[in-house]
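Undergrad: The structure that follows is given in the form of structure tokens.
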Amino acid sequence: MSDLLKNIDARTKLAGTNKLEILMFMLGLDKRTGREETFGINVFKVREVMHIPKITRAPEMPPSVEGMVSLRGELVPVIDLAKYTGIETDDKAEIMIVTEYNGHTQGFLVKAVDNILRLDWSAMRVPPAMLVAEMGGLVTA
């Protein structure tokens with residue numbers, strides 16, 4: 001079996017287990033803290049990772065919404081995650097993570113993607129209420 005098919009087979013089997021895969025990414029060096037934090041997103045919510053295509057700007061969008069892109073005929077809103085989370089950085093986003101939640105597709109601009117971590121769901125913990133309130137529901141585990 002080819003490596004590609006083995007990889008697809010492994011991910012398909014993962015869906016029936018108590019495992020979770022997290023795509024790790026960075027948003028840039030935060031000027032306020034002097035640190036570059038690593039964030040993660042469930043791989044099953046990621047449709048693709050790509051270089052940023054041409055973004056069409058639209059008037060009167062929220063500050064973190066950069067505009068729209070057309071992906072294979074589908075209009076997708078593009079959100080700058082550093083702006084959305086309040087990270088002040090001079091680092092330029094270079095990658096777009098295309099995600100799908102509840103039937104809605106969106107692109108998240110990030111500085112870089114790092115790797116994929118495979119974890120047990122049992123290792124997930126409920127975050128402190130203070131962190132959840134501060135991040136507006138972005139932190140779930």
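Please treat every number below as a calculation from the coordinates, not as lab data. These numbers come from a predicted model, not from an experiment. Cβ atoms come from the backbone with ideal geometry, glycine included; neighbour counts cover every protein chain shown.
Undergrad: Out of residues 5 or more away from Asp30 or on other chains, whose amide H comes under 5 Å of its own, with H placed 1.01 Å from N in the peptide plane?
TA: Arg35, Glu36, Glu37
Undergrad: Show the residues, 5+ positions off or on another chain, whose built amide H is closer than 5 Å to the amide H of Gly67.
TA: It is Val78, by chain and number.
Undergrad: Return the inverse of the average 1/r over all pairs of distinct C-alpha atoms in the range 3-120, which is the Kirkwood hydrodynamic radius, in Å to one decimal.
TA: 15.5 Å
Undergrad: Using DSSP to call loops (not H, G, I, E or B), can you name the GluC sites (Glu not before Pro) in the range 50-120 whose Cβ has at most 15 other Cβ atoms within 10 angstrom?
TA: Answer in residue order: Glu60, Glu88, Glu94.
Undergrad: May I pose another question? Within the range 34-74, which trypsin sites (Lys or Arg not before Pro) sit in a loop by DSSP and count at most 10 neighbouring Cβ atoms inside 10 Å?
TA: Filter output for the range 34-74: Arg35, Lys54, Arg57, Arg72.
Undergrad: Still on this structure, I have one more. By how many nm would the segment from Asn102 to Asn18 grow when fully extended, if each residue of separation counts as 0.36 nm and the alpha-carbon distance is taken off?
TA: Contour length minus the Cα-Cα distance gives 28.1 nm.
Undergrad: What ³J(HN,Hα) values, in whole Hz, does the Karplus curve 6.51 cos²θ - 1.76 cosθ + 1.60 give for the range 103-117 when θ = phi - 60°, with x put for Gly and Pro?
TA: Running phi through 6.51 cos²θ - 1.76 cosθ + 1.60 with θ = phi - 60° gives x, 9, 9, 8, x, 10, 7, 9, 6, 7, 9, 10, 7, 10, 9 Hz.
Undergrad: Please list the non-local residues whose amide H lies under 5 Å from the amide H of Phe108, H modeled 1.01 Å from N, same-chain partners needing a gap of 5 or more.
TA: Ile79, Ile97, Val98, Thr99
Undergrad: Moving on. State the extension gain, in nm to one decimal, for the chain segment bounded by Glu94 and Val43, taking 0.36 nm per residue of separation less the distance between their alpha-carbons.
TA: 16.4 nm
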